[in-house]
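Down below is the structure, laid out as structure tokens.
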Amino acid sequence: MKRLEGKVAIVTGASRGIGAAIVAKLAAEGATVVAVARSIESCEGAAHCMKVDVSDSAQVDACVKETIEKFGRVDILVNNAGITKDGLLMRMSDDDWDKVININLKGTFLFTRAVSRPMMKNKGADGQPCGGAIVNISSVVGITGNAGQANYTASKGGVIALTKTVAKELGSRLVRCNAVAPGFIRSKMTDVLPDDVKKQYAETIPLKRFGEGADIANAVAWLASDEASYVTGQVISVNGGMV
């Protein structure tokens, strides 16, 4: 039996990159996956695709409601949606600050709030409460900070603090909440970097390479599974030893 057989998962920021890798992994592990994105380009492996602005509470609530109506429950939530609007603090506009906080942090809060009650009501085949699993995608810079990313680092550091609070609030109802903090992950953005720049970045990583989306997806799948049933409130750093 696959690790996530019979589970229903919602994954935000699911149309590409790490999000798409997570969708594919959870589906391969047997989960029914609802892929959420602002603009759906490809939802390979997803049972259902939804266009949702994660910073809009009405849209978020409607997404969770529709998922439950269609599939009966929500067992897993992966808050992956995120954007960047980089710039030095002294030059950063209010708009660039607000957009990043609203998607990265507020969006994580809204989806977590929306699934919390349904997850607390979940019951297993034996009729006993079984809760659910929330996995938030933070970042290595949410731990270390990073020049030129005041808004992004604040949002990802906030995700870590929110994760720990949710774990404390919902743990008694068997809802676990953990975070994954990726380091440099190969993507379309990193692929266009000059080879010498990529080599320079890789030299800062003990494993001497960028990670892959699958590396993050593997960690998420484990945290979402019963194999991690005694793990909550934790931050799993997947960064090749960089931090």
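Can you find a residue that is in a loop (DSSP other than H, G, I, E, B) and out of contact with any Ser or Thr (no Cβ under 9 Å at 6 or more places or on another chain) anywhere in region 210-220? Yes, region 210-220 contains at least one residue that is in a loop (DSSP other than H, G, I, E, B) and out of contact with any Ser or Thr (no Cβ under 9 Å at 6 or more places or on another chain).
In region 167-180, the residues that are on the phi > 0 side of the Ramachandran plot form Cβ pairs under 8 Å with partners that are surrounded by fewer than 24 Cβ atoms within 10 Å (Cβ to Cβ) and part of a helix (DSSP H, G or I), at six or more places apart or across chains, as follows: Leu174/Met120. Criterion first (in a loop (DSSP other than H, G, I, E, B), small (Gly, Ala, Ser), at pLDDT 95 or above and in contact with a strand residue (DSSP E or B) (Cβ under 7 Å, 6 or more places away or on another chain)) does Ala81 satisfy it? Considered against the rule, which asks whether it is in a loop (DSSP other than H, G, I, E, B), small (Gly, Ala, Ser), at pLDDT 95 or above and in contact with a strand residue (DSSP E or B) (Cβ under 7 Å, 6 or more places away or on another chain), Ala81 comes out as yes. In the set (1) part of a helix (DSSP H, G or I); (2) in contact (Cβ under 8 Å) with a residue 24 or more places away in the chain; (3) surrounded by fewer than 21 Cβ atoms within 10 Å (Cβ to Cβ); (4) not aliphatic (A, V, I, L, M), the condition left unmet by Gln59 is number (2). Taking the listed residues Val231, Val243, the one that is part of a loop (DSSP other than H, G, I, E, B) and either among the basic types (Lys, Arg) or farther than 18 Å from Ile76 by Cα (or both) is Val243, with no other qualifying. Quick one: is Gly87 surrounded by 15 or more Cβ atoms within 10 Å (Cβ to Cβ), within 28 Å of Gly145 (Cβ to Cβ), in contact (Cβ under 8 Å) with a residue 24 or more places away in the chain and more than 17 Å from the chain's Cα centre (by Cα)? Yes; evaluated as a whole, the condition is true for this residue. Residues that are closer than 10 Å to Ala133 by Cα and either charged (D, E, K, R) or surrounded by fewer than 18 Cβ atoms within 10 Å (Cβ to Cβ) (or both) within region 214-230 comprise Asp226, Ser229, listed in sequence order. Selection of region 149-198 for residues being among the polar types (S, T, N, Q) and assigned to a helix (DSSP H, G or I) yields Asn151, Thr153, Ser155, Thr163, Thr165, Ser172, Thr190. Note on region 128-166: residues that are without any contact (Cβ under 8 Å) to a residue 12 or more places away in the chain and aliphatic (A, V, I, L, M) total 1.
Of all residues in region 75-92, those satisfying the criterion of being closer than 16 Å to Ala133 by Cβ and in contact with a Ser or Thr (Cβ under 6 Å, 6 or more places away or on another chain) are Asn79, Asn80.
The combined condition, being within 16 Å of the chain's Cα centre (by Cα), at pLDDT below 95 and part of a loop (DSSP other than H, G, I, E, B), is fulfilled by Ser15.
The values are calculated or read from the model by the stated rules, or taken from the named source; none is laboratory data. What you see is a predicted model, and the numbers here were worked out from it, not measured in a lab. As a convention, Cβ positions derive from the backbone with ideal geometry for all residues, glycine included, and neighbour counts pool all protein chains shown.
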